[in-house]
Amino acid sequence: MKKISFLVVLCLCLITGAKAQNTKQYERKDFSFKITKEKDAEGYVNIVKLSTYVGSQLIDNYSFKVPSPLPEDPSDAIGAVSEEDINFDGFPDIDINLGYRGAGSANNIQHEALLWNQQQHAFVKTDGYNDIGEPQLDPKNKVVFTVINSYTDVTKTYYRWNGNKLVEYLCETAKIEDDKVIDFSGMLNFPLYTLEAKLNGRTPIIIAFQKNEKDIVAGYIYYPRAKNPAPIMIKGIYDNGTYDLRERLNDGTTTGYICLKCDKDENWSGGWANPTTHKELKLTDISFSHEAQKWFTKSLFLEE
């Protein structure tokens, strides 16, 4: 009888130990992630799977359906993971880019998210985050918002978190000051690169340009605080991540040299140099977008 009791106690101890091991609480910093993609019969990426690990131990698997399956080569953005504090609780969450939602969607990029729950010491799925498209974060006001541009209006819709559910908070629509519609036929089929920055942290500038298939660069630089602000032509070349540009007036006079660099993570840096003194002013406070400026209405490549 004593022998049987000893075995029972031993089994209970082993079971209790196993349960304790299975319910071990991990901290957010312990986790790493792995993305795998599945393809349909046509070879298009249609499923994104995210696995969470602590060390080499698999903790959980999550599967997300891609709204508009794409071939592998142009779909590098699909499955891209960023670790941001999406619900503003002080802990980084997980955002997963699921790519283009399809024609007819005002906000065309769909995202999914997993929120870190500190009480459960685990990631939890969200409700509503994947419905809004192209979510943007406002940590100061603790809201998630989306922007929709029409021909005359800009609409911002704000959302707040209610637990794991994202609910609409308010919506505001503002008239665009200038209702002139950009004529994209005059921009050719080259992406527009727009950098808003400052020279040595003081003088604001806007640099907007295009790059063609021959790595020729053409666009404008604009000084908003100039006495009579007007776009000044810039032209140059792109070579291995560096844009070497010359700022010049209509009569051909060179008024500055611009060097811009962009790394693989789209971090921009650069400077502007005086053509006479060669004094260089560093570009600071750089923000990058594809936003078209009112004064950039026609591609300079159309003139060549």
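Shown for the range 233-274: the carbon plus sulfur share of the solvent-accessible area, taken with all protein chains present and a 1.4 angstrom probe, equals 43%. To the nearest 0.05, what FRET efficiency results for GLU83 and LEU249 with a Förster distance of 41 Å applied to their C-beta separation? Result of the calculation: an efficiency of 0.30.
If DNA, RNA and ligands are ignored and the probe is 1.4 Å, what is the ranking of TRP116, TRP295 by accessible area, most exposed first?
Working: TRP116 5, TRP295 50 Å².
Sorted descending by solvent-accessible area, the residues read TRP295, TRP116.
Within a straight-line Cα-Cα reach of under 18 Å, LYS264 can be paired with the following lysines, leaving aside sequence neighbours fewer than 8 residues apart in one chain: LYS211.
Restricting to DSSP loop positions (anything but H, G, I, E, B) with no more than 16 other Cβ atoms inside 10 Å of their own Cβ, which trypsin sites (Lys or Arg not before Pro) remain in the range 184-278? Could the numbers behind the result be given before it?
Working: sites: LYS198, ARG202, LYS211, LYS214, ARG225, LYS227, LYS235, ARG246, ARG248, LYS261, LYS264; in loops: ARG202, LYS214, ARG225, LYS227, LYS264.
Passing sites in the range 184-278 are ARG202, LYS214, ARG225, LYS227, LYS264.
The GluC sites (Glu not before Pro) of the range 80-169 that meet both conditions, a loop assignment by DSSP and at most 15 other Cβ atoms within 10 Å of the site Cβ, are GLU83, GLU84. Given a 1.4 Å probe and the protein chains as shown, SER289 ends up with an accessible area of around 40 Å². Along the axis of the charge dipole computed for the range 251-304 (Cβ charges of +1 for Lys and Arg, -1 for Asp and Glu, origin at the Cα centre), the listed residues PHE301, SER287, TYR257 are led at the positive end by TYR257. Listed by chain and number, the aspartates and glutamates placed with their C-alpha closer than 18 angstrom to that of LYS298 are ASP178, ASP179, ASP183, GLU213, GLU247; residues fewer than eight positions away on the same chain are left out. Separation of the range 259-297 and the range 207-225, taken as the distance between their Cα centroids, equals 10 angstrom.
Rounded to the nearest 0.05, what FRET efficiency do ALA226 and GLU134 give with R0 = 41 Å and r taken as the Cβ-Cβ distance? Could you check? Can you show the working numbers first?
Numbers: r = 34 Å, r/R0 = 0.83.
So the FRET efficiency works out to roughly 0.75.
The values are calculated or read from the model by the stated rules, or taken from the named source; none is laboratory data. Since the structure is predicted, the reported quantities are computational estimates derived from the model, not experimental observations. Every residue, glycine among them, receives a Cβ derived from its backbone with ideal geometry; neighbour counts consider all protein chains shown. Ligands, DNA and RNA are stripped out before the accessible areas are found, and what is left, the full protein with its side chains, is counted by its heavy atoms. Shrake-Rupley method; radii C 1.70, N 1.55, O 1.52, S 1.80 Å.
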